[in-house]
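Q: Please read through the structure below; I'll follow up with questions.
The values are calculated or read from the model by the stated rules, or taken from the named source; none is laboratory data. None of these values were measured; they are calculated from a predicted model. Reconstructed Cβ throughout: ideal geometry from the backbone, glycine too, with neighbour counts over all protein chains shown. Keep in mind that these areas ignore ligands, DNA and RNA; they rest on the heavy atoms of the full protein, side chains included. Shrake-Rupley method; radii C 1.70, N 1.55, O 1.52, S 1.80 Å.
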Amino acid sequence: MGVLPSRDPSQRPAAPPQPDRGLKDAAAAGAGPAGHRQRLPCRLDAAAVGATRLVGREAGAWPDSCSGAAGNSAKAREAAAGAMAAPSPGPHERCHRLFVSSHQVLAPSPEAGCRAVTSSRRGLLWRLRDKQSRLGLFEISPGHELHGMTCMMQAGLWAATQVSMDHPPTGPPSQDDFLEVLTQVHEGFEVGTLAGPAFAWLRRSLGLAEDDYQAALGPGGPYLQFLSTSKSKASFFLSHDQRFFLKTQGRREVQTLLAHLPRYVQHLQRHPHSLLARLLGVHSLRVDRGKKTYFIVMQSVFYPAGRISERYDIKGCEVSRWVDPAPEGSPIVLVLKDLNFQGKTIKLGPQRNWFLRQMELDTTFLRELNVLDYSLLMAFQCLHEDERGLGSSLIFRTARSVQGAQSPEESGVQNRRLLPDAPNALHILDGPEQRYFLGVVDLATVYGLRKRLEHLWKTLRYPGRTFSTVSPARYARRLCQWVEEHTE
């Protein structure tokens, strides 16, 4: 299997048709009594409760998540035609639909067809391959060991986004919105959406259209697997257009993200140009009532990926921060680390002061959350001749610059900057000759007892050397110092 070339994001496959959904019997999925609404304040391993929206699907009316085409059964076509012809529900009927149950029950769906069991021989070959020889981006096509899982993720995200499209946020998220958990039961698996209304509001505040989000993450094109040198046990995926990044997370990390979500949203309101990664959704996947797998969705910092020449993951330390570079001319996509960056400089010109200030604001926020072990992702892209110079490549977007100000008194905390007229502008800084993709990721590691013990062990193991597990205050200060020393 080879490394994928960059894709043109404008060549997005057409979204499958979206019929309205009829109600199913919630009791069939073990749902609670009608109208029962609960919160999930801290435990994520409970049965997904507190969901406030119930929308079902008619049998066979789902698009085929493996091929991207609509289901071809006569029953599916009839159900879709009938649903599209049905009038929109009135306010009283809609209110009834909103509070029927804590579960969604979805009839047979396309993901059932895409879960063709990979032969044991093919699966063994995948597992036996040396990871180092497969670094890079790989299309998760039929036969891939993760094809079934990603098809379920696609179908689940399609359905979850449809809920937010049917019931868009009407204002800033409330406390209940941060606590809501919506479970959608599909054939053979279920997908949970955590704090769905809060993330829907956040996506809207970023100017991200829900139909684009749904088309990129839902059926219509295979996910791409990213194999890296990270020591994390997480799996990493990209949407087929490489615009969105998906990562599996442990339950503890998800709990941390959700606990910090209200303050995270507030920080982005006050600092709309923040370099923090934009989290767009937190979900769970459970197959056949087995153990839940949690995953997050975020904007990819490295988008659009065409012409990117180097990628780095910076933590501001030296232990385990070297990656063997790929051979010259190799198409393998590698993310290098701190020691690989020695002798190099980020040349930002007039943008440098903004960058230093924003790093200070963002790391101060993370320090207050008692968070550490985050990374500054960075990539280089040479500017074309006609892209160089502030006059031609940058414009000032007043609306986005001031959208986070809560009052005239708070306007002083804004750190405004010039935004490039390009996709993913919030993660891009243009220097005199190079474009830099910059973002702070991995925001869920708390400096608790486990990390304090790890710090003690590494102090004994690596005397006189710098490593990642230090106090949040020291971690923030050290990363800001690295940025100051490596920019001009």
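Q: Would you check if Arg465 is more than 23 Å from Ala259 (Cβ to Cβ), more than 25 Å from the chain's Cα centre (by Cα), in a loop (DSSP other than H, G, I, E, B) and not hydroxyl-bearing (Ser, Thr, Tyr)? I'd like the intermediate steps shown before the answer.
A: On the way: more than 23 Å from Ala259 (Cβ to Cβ): yes; more than 25 Å from the chain's Cα centre (by Cα): yes; in a loop (DSSP other than H, G, I, E, B): yes; not hydroxyl-bearing (Ser, Thr, Tyr): yes.
For Arg465, the condition - more than 23 Å from Ala259 (Cβ to Cβ), more than 25 Å from the chain's Cα centre (by Cα), in a loop (DSSP other than H, G, I, E, B) and not hydroxyl-bearing (Ser, Thr, Tyr) - is met.
Q: Here's something else I'd like to know. Looking at (1) open to solvent by less than 70 Å² (accessible area, probe 1.4 Å); (2) farther than 24 Å from His273 by Cα; (3) in a helix (DSSP H, G or I), can you tell me which one Phe365 breaks?
A: Phe365 satisfies all of (1) open to solvent by less than 70 Å² (accessible area, probe 1.4 Å); (2) farther than 24 Å from His273 by Cα; (3) in a helix (DSSP H, G or I) except (2).
Let's see how each residue does on (1) closer than 20 Å to Val371 by Cβ; (2) out of contact with any Gly (no Cβ under 7 Å at 6 or more places or on another chain); (3) not basic (Lys, Arg):
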{"site": "Val254", "(1), (2), (3)": "yes, yes, yes"}
{"site": "Leu257", "(1), (2), (3)": "yes, yes, yes"}
{"site": "Arg270", "(1), (2), (3)": "yes, no, no"}
{"site": "Ser274", "(1), (2), (3)": "yes, yes, yes"}
{"site": "Leu279", "(1), (2), (3)": "yes, yes, yes"}
{"site": "His283", "(1), (2), (3)": "no, no, yes"}
{"site": "Gly290", "(1), (2), (3)": "no, yes, yes"}
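Q: Taking the conditions exactly as written (of a type in the set (Lys, Arg), farther than 21 Å from Tyr213 by Cα and crowded, with 16+ Cβ neighbours inside 10 Å), does Arg278 satisfy them or not?
A: Numbers: of a type in the set (Lys, Arg): yes; farther than 21 Å from Tyr213 by Cα: no; crowded, with 16+ Cβ neighbours inside 10 Å: yes.
It is false that Arg278 is of a type in the set (Lys, Arg), farther than 21 Å from Tyr213 by Cα and crowded, with 16+ Cβ neighbours inside 10 Å.
Q: Would you check which residues across the range 152-211 are at pLDDT below 95 and closer than 12 Å to Gly281 by Cα and list them?
A: Residues satisfying the conditions do not exist here.
Q: Consider the range 242-256. How many of its residues are within 12 Å of the chain's Cα centre (by Cα) and under 12 Å from Phe295 (Cα atoms)? Walk me through how you get there before you give the answer.
A: Taking the range 242-256 first, the residues within 12 Å of the chain's Cα centre (by Cα) are 242-249.
If we keep only those that are under 12 Å from Phe295 (Cα atoms) as well, we get 245-249.
Qualifying residue count, the range 242-256: 5.
Q: All but one of (1) buried (at least 20 other Cβ atoms within 10 Å of the Cβ); (2) in contact with a helix residue (DSSP H, G or I) (Cβ under 9 Å, 6 or more places away or on another chain); (3) modelled with pLDDT under 95 hold for Pro325, so report the exception by its number.
A: Condition (1) is where Pro325 drops out.
Q: Mind telling me which of the residues Leu356, Leu334, Leu348 ends up being touching a residue at least 24 places away in the same chain (Cβ under 8 Å), open to solvent by less than 60 Å² (accessible area, probe 1.4 Å) and over 27 Å from the mean Cα position of the chain (by Cα)? Let's see the steps before the verdict.
A: On the way: Leu356 fails: over 27 Å from the mean Cα position of the chain (by Cα); Leu334 fails: over 27 Å from the mean Cα position of the chain (by Cα).
Of Leu356, Leu334, Leu348, the one residue that is touching a residue at least 24 places away in the same chain (Cβ under 8 Å), open to solvent by less than 60 Å² (accessible area, probe 1.4 Å) and over 27 Å from the mean Cα position of the chain (by Cα) is Leu348.
Q: Oh, and also: Just to be sure before I move on: is Ser320 modelled with pLDDT under 95 and closer than 30 Å to Val254 by Cα in the structure I sent?
A: Values: modelled with pLDDT under 95: yes; closer than 30 Å to Val254 by Cα: yes.
The answer is yes for Ser320.
Q: Do we have Glu454 as among the charged types (D, E, K, R) and closer than 18 Å to Lys344 by Cα here?
A: Values: among the charged types (D, E, K, R): yes; closer than 18 Å to Lys344 by Cα: no.
For Glu454, the condition - among the charged types (D, E, K, R) and closer than 18 Å to Lys344 by Cα - is not met.
Q: Do we have any residue at all in the range 450-466 that's open to solvent by 50 Å² or more (accessible area, probe 1.4 Å) and within 24 Å of Tyr294 (Cβ to Cβ)?
A: Yes, that holds for at least one residue.
Q: Turning to a different aspect of this structure: What residue, among those in the range 424-441 that are in a loop (DSSP other than H, G, I, E, B) and open to solvent by less than 60 Å² (accessible area, probe 1.4 Å), is farthest from Glu360 (Cα to Cα)? Don't jump to the end; show me each part of the working.
A: Our first condition is that a residue be in a loop (DSSP other than H, G, I, E, B); within the range 424-441, this holds for 424, 431-433.
Okay, now just the ones that are also open to solvent by less than 60 Å² (accessible area, probe 1.4 Å), so 424, 431.
Numbers: Asn424: 22, Gly431: 20 Å.
Among residues in the range 424-441 that are in a loop (DSSP other than H, G, I, E, B) and open to solvent by less than 60 Å² (accessible area, probe 1.4 Å), the one farthest from Glu360 (Cα to Cα) is Asn424.
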